[in-house]
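I have placed the structure first, in the form of structure tokens, so that the comments after it can refer back to it.
The values are calculated or read from the model by the stated rules, or taken from the named source; none is laboratory data. Since this is a predicted model, take the numbers as computed values, not measurements. For neighbour counting, all protein chains shown are included, and Cβ atoms are generated from backbone atoms with ideal geometry for every residue, glycine included. Each accessible area value is taken on the protein alone, full model and side chains, heavy atoms only, with ligands, DNA and RNA left out. Shrake-Rupley method; radii C 1.70, N 1.55, O 1.52, S 1.80 Å.
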Amino acid sequence: LSLEQVDNSRLALYGFSMGAATSVVVASERDDIICLVADSPFSSIEEITIHTLNQMLIPPALVLTRLKKMFSKTFGKQMEEFNSADVVNKIAPRPVLILGNREDRMVPFWQIEKVFQAAAEPKQFFVNDLGGHFANAETIILDQQVIPFLKSALKLD
């Protein structure tokens, strides 16, 4: 497809992991996004950073202040400002599909669930109990969850 072939009245975002959290923020700021699929969005950059440091057995108190300063210098925003759970409700009344996996070790399920709970209707939540962080990219999940959601939201049926 070329840009000339894109139907601007049917824009959807599909993000995975950090892309999912970023897509939540972008969709909350742009009215031209018709719907959102967020696969394994973390609730905030600060919470996922603390989780990752703990996974690496690094006490967050030792490095979090420094990381926040580096984040601010690099991105021109405070780490606390990048919080998908705080802005996901602004997407409504546009539909949101959030995918999560209980076995995800990179993005804890409670963070994904936090984003879903903060979302306003219309919203859908698909929870996969098998696999891990990348398990929702399986063809069967795309065919049974994502494609029907996108067809409905974008009125492609």
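To put it simply, the accessible area of the chain at a 1.4 Å probe is 57 percent carbon and sulfur. Of Ser17, Ser43, the residue with the largest accessible area leads and the full order is Ser17, Ser43 (1.4 Å probe).
Per residue, the chain exposes 58 Å² of accessible surface when a 1.4 Å probe is rolled over the protein heavy atoms with every protein chain present.
Of all lysines in the structure, the ones whose alpha carbon falls short of 24 Å from that of Lys77, not counting any fewer than 8 places away in one chain, are Lys68, Lys69, Lys90, Lys114. Computed from phi, the 3J(HN,Hα) profile of the stretch 10-16 under the Karplus parametrisation 6.51, -1.76, 1.60 (θ = phi - 60°) reads 10, 8, 10, 10, 9, x, 10 Hz, with x in place of Gly and Pro.
Normalised by residue number, the volume inside the convex hull of the Cα atoms of the chain is 127 Å³ per residue.
Among the trypsin sites (Lys or Arg not before Pro) in the stretch 38-78, those located in a DSSP loop and surrounded by at most 11 other Cβ atoms within 10 Å of their own Cβ are Lys77. Against the chain, whose longest principal axis is taken from its Cα atoms, helix 18-29 shows a tilt of about 70°.
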